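So the structure is just underneath, and the comments pick up after that.
Please treat every number below as a calculation from the coordinates, not as lab data. Note that this is a predicted model, so its numbers are computed, not measured.
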Amino acid sequence: MVAIYIRLKDPSDTVYFQSIFGTYSHLAWIRTENAKEGIIKIISTDDLIDETKRILKNLRNEIEFEEIEI
């Protein structure tokens, strides 16, 4: 399993982000780590991580976020 952490620029976008990414539920699991700070954990499998990253790259056109290290 591979985990990617992101921080949303606007924490109020958490539900919106989860709703959009939820349509790709076969790629990864989404967990809110810290709602107040807009930190989300995206958990994918080794064989789907490249596709997961591609979806995240495309989502940057809809929602502002940055990948972070935890």
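A few notes on this one:
- Under the Karplus curve 6.51 cos²θ - 1.76 cosθ + 1.60, θ = phi - 60°, whole-Hz ³J(HN,Hα) for segment 32-47, x wherever Gly or Pro sits: 7, 8, 8, 4, 4, 9, x, 9, 10, 10, 10, 10, 10, 8, 4, 7
- Nearby aspartates and glutamates by direct alpha-carbon distance to Lys36 (threshold 13 angstrom, same-chain neighbours under 8 apart not counted): Asp10, Asp13
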